[in-house]
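Trainee: What follows is a single structure, and I will ask about it in a moment.
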Amino acid sequence: MTFIDVSLKDIIQSLYGAFRLAKGDKTGLRYFNATYEDFWKSFYALVLIAPVFCVLLIIKYVSNDENISSIRFGSIYIITYIIGWVAFPLVIFHILNYISMGDKFIRYIVTYNWASVLQNFIYLPFAILVEARIFTGFPATIIGLILLSIILAYTWFITKVALETTNIFVSSIVIIDLFLSIFLSSISQGMIFNV
């Protein structure tokens, strides 16, 4: 069973669970199943996000002043996008196994992946407006920081609920997630602009 065998019911149920968690309702976790099948299904989230991500890439490319091949530009960002979906689960898998919490890995990643749909649907439209230079300057910075804070708080909450562990450890996981995203973004920027 792979993530492409996902029904509309699976998607609606998972997104509803993510929405309940976004409201601070711990019972939202009940809408996610911790099975190997559901683990792979949860990666369908990247397919749901992909169209909005592609719009962002197109606007980013069009608004870019550098002379860069569209194939090079798109390939680097798409590869980085896919790596981002794989890297975090791999890191968390090893961390949780090392501290004897491996039994909670699948439940956490299933929850995390579906929650990513809500996170991206909140942030990507804003990122598109920034790249299109509709939002600029100080207001854009403030809105960006507010949205980032909301996303980090949401990630912290789902991590706390899914892993049922200490606040310090949960915060560490969120920081790892943030820095991994920054690291991958820096690499893609460097490859494109030869920084």
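Each value in this text was obtained by applying a stated rule to the coordinates, not by laboratory testing. Keep in mind that what you see is a predicted model, and the values were worked out from it rather than measured. Neighbour counts are summed over all protein chains in view; Cβ atoms, including those assigned to glycine, are modelled from backbone coordinates with ideal geometry.
Trainee: Just to confirm the number: angle between the C-alpha axis of helix 8-22 and the first principal axis of the chain, 0 to 90 degrees, nearest 10?
Mentor: Its long axis makes an angle of about 90 degrees.
Trainee: Ok, one more. Can you tell me the dipole magnitude for the chain around its Cα centre, using point charges on the Cβ only (Lys, Arg +1; Asp, Glu -1), in Debye to the nearest 20?
Mentor: Roughly 320 debye for the chain.
Trainee: Among L29, I106, I92, whose Cα sits farthest toward the positive end of the charge dipole of the chain (+1 at Cβ of Lys/Arg, -1 at Cβ of Asp/Glu, about the Cα centre)?
Mentor: Of the options given, the answer is L29.
Trainee: Among the listed pairs K23/K60; K26/K60; K41/K160, which are separated by more than 30 Å between their Cα atoms?
Mentor: K23/K60; K26/K60
Trainee: Identify the residues of the stretch 161-185 with backbone N under 17 Å of a label point that sits 7 angstrom from the Cα of D103 along the Cα-to-Cβ direction, or state none.
Mentor: 162-166
Trainee: Sticking with this structure for a sec: How do 62-74, 93-105 rank on mean C-beta neighbours within 10 Å, highest first? Kindly include the intermediate steps, with their values, before the conclusion.
Mentor: Working: 62-74: 11.0, 93-105: 13.5.
Order by mean packing, descending: 93-105, 62-74.
Trainee: Could you check the spin-label model distance between D65 and A140? Points 7 Å from the Cα along Cα→Cβ, value in nm.
Mentor: The two pseudo-label positions are separated by 1.3 nm.
Trainee: May I pose another question? Relative to 2.2 N^0.38 Å, what does the C-alpha radius of gyration of the chain come to as a ratio? Two decimals please.
Mentor: So the Cα radius of gyration is 1.06 times the expected 2.2 N^0.38 Å.
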